[in-house]
Structure formats: structure tokens, C-alpha cells
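Presented below is the structure to which this report refers.
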Amino acid sequence: MTGPSEAIAAAAASLEAGELVAFPTETVYGLGADAENPAAVARIYAAKGRPQDHPVIVHVAPGADLDYWVTDVPPAARQLAQAFWPGPLTLILKRNTHIPDAVSGGQDTVGIRCPSHPVAIALLSAFKGGKGGVAAPSANKFGNVSPTTAQHVKDEFAGEVGAGMAVAAVLDGGNSQVGIESTILDLSRLATHGPVLLRPGHISSQQIADVIGAMPQSPDQTAPRASGTLESHYAPKAPVALLPTCDIPATVSALAARGRRVALIHYTPIAASEPSVALPDEPKGYAYGVYAALRAMDQEQVDLILVETPPQDAEWAGVNDRLRRAAFGSAGIIERFLTP
């Protein structure tokens with residue numbers, strides 16, 4: 001985009017007025033508010049039904065001054081920003097004192113990223129002349145499946161979109177190219193803990209290590225809270241269960257015999273009754289389609305969404321993280337369905 005379109009300009013004006021705007025990023029659609037306006041950020045929490053202590057990520061335009069947002073920018077942060085921004089990497093750093101703690105859930109850290117979607121870049125560049133930040137978790141009710149199209153957002157906030165409503169506008173940028181949320185890396189405790197991977201995503205631990213020379217560690221008890229890291233998250237209304245490939249045919253037959261209607265999401269050639277969705281057998285293609293698949297199967301009014309367990313390789317870490325959280329609240333559901 002060479003300049004802000006009428007829709008972009010209107011959306012930027014809505015943000016500056018303290019309203020909420022849903023917009024596309026390369027990962028998923030975000031529900032944005034002025035990150036420096038605590039009342040506007042509070043509207044995000046109210047619209048989503050989000051716990052107040054669950055932090056949001058601040059999105060900034062390309063070339064943004066990191067020193068404005070955080071108190072200390074270690075060399076590793078600048079190296080990673082140079083390597084991966086704009087892109088799906090969120091860095092957790094110590095929040096500057098003038099940045100409201102509304103964006104950090106009361107913590108002394110803040111998550112920052114620069115998205116690569118052209119509509120997001122246009123919006124961030126128009127908002128406050130490119131000097132502002134937009135706080136934006138995924139544009140869905142808290143804990144639900146993240147949206148990867150504008151229609152998903154409108155479905156999620158049906159009756160709540162428009163002037164004077166909970167969401168002032170939804171910018172349509174087509175399908176999100178990545179399909180799962182950003183990698184979140186904690187750099188706020190480098191001296192004591194090194195880099196810590198709080199949420200896997202499109203950018204892998206190995207890619208991070210290749211840039212900064214250190215492999216990220218797993219989260220510890222004192223790690224900052226971060227978006228999308230609760231045990232139960234990204235879940236449709238229907239229960240979700242993960243099952244190895246070899247167990248699927250017999251399980252589907254047994255559930256059918258019990259009168260249970262089952263939807264299947266798979267990536268290998270499994271003979272499956274409808275409804276079902278076949279996703280690509282490689283991680284990037286699978287990630288691109290997994291949330292849309294969960295939403296589509298949820299609309300089929302099934303008793304259970306059965307998901308063929310993906311490979312456990314490092315390349316699938318982001319996908320497996322999201323599916324594990326989607327299925328967390330449904331532990332033991334197959335056994336309960338099959339018990340007389």
C-alpha cells in the first residue's frame with residue numbers, strides 16, 4: 001500500500017478515539033486498541049471476556065523505537081528484530097515506566113512485535129503517524145478458536161460490530177498467511193535465565209538460536225505470563241480429542257455405534273465418514289488451515305472433533321501446542337463416550 005486507504009484512515013481514527021478495531025496480521029486477526037490508553041485496553045478485556053491478569057501484545061510499525069516501549073533492549077532483541085521483523089515473533093522485555101500496565105496484566109514486562117501483513121502495517125503506520133502501538137490479542141472471545149478471516153471475527157462478535165458497538169470496525173485482509181499465533185520469546189531475564197520460549201510458533205527455537213547463538217529454554221515457574229499460554233485455550237465449543245492414526249478407524253466405528261456424531265481432522269489418507277477435513281501433511285500448510293478446520297467442524301453440530309495426532313517433530317511444535325490446549329478441557333472424553 002502506498003498510502004492509507006479510506007478504511008485504514010477511518011480505522012486509525014477509531015483507535016485514536018479509544019475504540020476497538022479488528023485487523024488482519026500474518027498470524028491471526030487481532031482485536032486492537034491504543035496501547036497507551038488504559039480505558040481502550042480495558043474495552044478489549046471486556047469484549048473478549050479476558051482475565052485482567054492475562055497480558056496482551058503491543059503491535060508496532062516497522063522502524064518503531066523499541067526504547068520508547070521498554071527500559072532495556074539487549075543486543076539479542078535487536079538482532080532478532082533485525083532478522084524476523086516484520087514477522088511472527090513477539091519479544092518480552094522490561095516495560096518502560098510510562099507504558100500502562102494494562103497491556104501487561106500488571107507485570108513489569110511487555111510483549112512487542114511488528115507484524116508483516118500489509119493491512120496491519122498500513123494501519124500501524126497511519127495510527128499516530130506510525131509512532132503509536134496497538135495492543136491486540138486475537139479477535140475472538142477468550143479461550144475460543146482464533147480467527148484467520150474477517151468473517152471469523154464477524155461470526156465471533158455477531159451483533160457487536162459497527163459504530164457505537166463493542167468493535168468499531170473489522171478490516172478485511174483475506175486469510176491470515178501463517179494461521180497460528182506468533183512465537184513468544186522472553187528476553188527480560190537474560191542474565192539469570194537466558195532466552196526462554198514461552199509459546200512456540202512459526203519461528204522455531206533453532207531459527208532463534210541461529211541468530212543469537214543460544215537455544216531458548218523451556219518456561220520456568222517465574223517466567224512472565226504471556227498471551228495464549230493457559231492450559232485450556234484455542235478451543236471450539238465441541239470437545240476435541242487427539243488420537244494416533246492407527247486408533248482412529250476403530251474409535252470412529254465404536255463412537256458411531258454409541259450414537260455419537262464425530263468430525264475428523266486428519267492429514268494422512270484415512271477413510272473417514274463425513275464430516276471431515278484433510279489438512280496438508282507438512283507443518284506450515286497444516287498451521288495455515290487448522291483453525292479454520294476447527295471452526296468448520298464445530299459448525300457441524302458434532303459430539304466430538306477427533307484430530308489425528310500430528311508428528312511430534314520440532315517443526316510441528318507450534319501446531320501441537322495449539323491442539324494440546326484445544327483438547328485440554330476434554331481429557332478422557334472418548335472413554336466417557338464409550339462407557340456404558
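The values are calculated or read from the model by the stated rules, or taken from the named source; none is laboratory data. Please read these numbers as outputs of a predicted model, since none were measured by experiment. Heads up, the Cβs are rebuilt from the backbone with ideal geometry, glycines too, and the neighbour counts pull from every protein chain shown.
Structure summary
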read-out	value
Residue in region 182-190 that is under 24 Å from ARG295 (Cα atoms), modelled with pLDDT of 95 or more and surrounded by 21 or more Cβ atoms within 10 Å (Cβ to Cβ) present	yes
Only listed residue being of a type in the set (S, T, N, Q), loosely packed, with under 15 Cβ neighbours inside 10 Å, modelled with pLDDT under 95 and touching a Gly at 6+ places or on another chain (Cβ under 8 Å), chosen from SER227, SER232	SER232
Candidate set from region 163-181 (those that are buried (at least 17 other Cβ atoms within 10 Å of the Cβ) and among the aliphatic types (A, V, I, L, M)); member that is nearest to the chain's Cα centre (by Cα)	ILE180
Meets criteria (surrounded by 14 or more Cβ atoms within 10 Å (Cβ to Cβ), at pLDDT 95 or above, of a type in the set (A, V, I, L, M) and under 17 Å from the mean Cα position of the chain (by Cα)) for VAL211	no
Condition broken by ALA314, with the remaining ones in (1) buried (at least 16 other Cβ atoms within 10 Å of the Cβ); (2) among the small types (Gly, Ala, Ser); (3) within 20 Å of the chain's Cα centre (by Cα) satisfied	(1)
Only one of ALA272, ALA292, ALA331 that is part of a loop (DSSP other than H, G, I, E, B), out of contact with any Pro (no Cβ under 8 Å at 6 or more places or on another chain) and closer than 27 Å to GLY228 by Cβ	ALA331
Count of residues meeting criterion [aromatic (Phe, Trp, Tyr) and either surrounded by fewer than 22 Cβ atoms within 10 Å (Cβ to Cβ) or not assigned by TED's automatic domain parsing to the domain that holds ASN320 (or both)] in region 268-309	1
So TYR68, is it surrounded by fewer than 23 Cβ atoms within 10 Å (Cβ to Cβ), closer than 23 Å to ILE180 by Cα, at pLDDT 95 or above and not charged (D, E, K, R)	no
Evaluation of GLN206 against (1) buried (at least 19 other Cβ atoms within 10 Å of the Cβ); (2) under 21 Å from the mean Cα position of the chain (by Cα); (3) more than 27 Å from GLY332 (Cα to Cα) (one fails), failing number	(1)
Residue within region 225-233 that is touching a helix residue (DSSP H, G or I) at 6+ places or on another chain (Cβ under 9 Å) and outside any loop (DSSP other than H, G, I, E, B) present	no
Among residues of region 240-269, those that are assigned to a helix (DSSP H, G or I) and either touching a helix residue (DSSP H, G or I) at 6+ places or on another chain (Cβ under 7 Å) or not polar (S, T, N, Q) (or both), counted	11
Contacts under 8 angstrom Cβ, first residue in region 1-26 being under 11 Å from LEU171 (Cβ atoms), partner modelled with pLDDT under 95 and surrounded by fewer than 16 Cβ atoms within 10 Å (Cβ to Cβ), 6 or more apart	ILE8/MET1
Sole residue being among the β-branched types (Val, Ile, Thr), in the same structural domain as ALA40 (by TED's automatic domain parsing), farther than 15 Å from LEU31 by Cα and surrounded by 23 or more Cβ atoms within 10 Å (Cβ to Cβ), chosen from VAL60, VAL145, VAL110	VAL110
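Matching residues to (1) under 30 Å from GLY159 (Cα atoms); (2) charged (D, E, K, R); (3) in contact with a helix residue (DSSP H, G or I) (Cβ under 7 Å, 6 or more places away or on another chain):
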| residue | (1), (2), (3) |
| --- | --- |
| VAL56 | yes, no, yes |
| ARG78 | no, yes, no |
| LEU89 | no, no, yes |
| ALA102 | yes, no, yes |
| ASP108 | no, yes, no |
| CYS114 | no, no, no |
| GLY132 | yes, no, no |
| SER138 | yes, no, no |
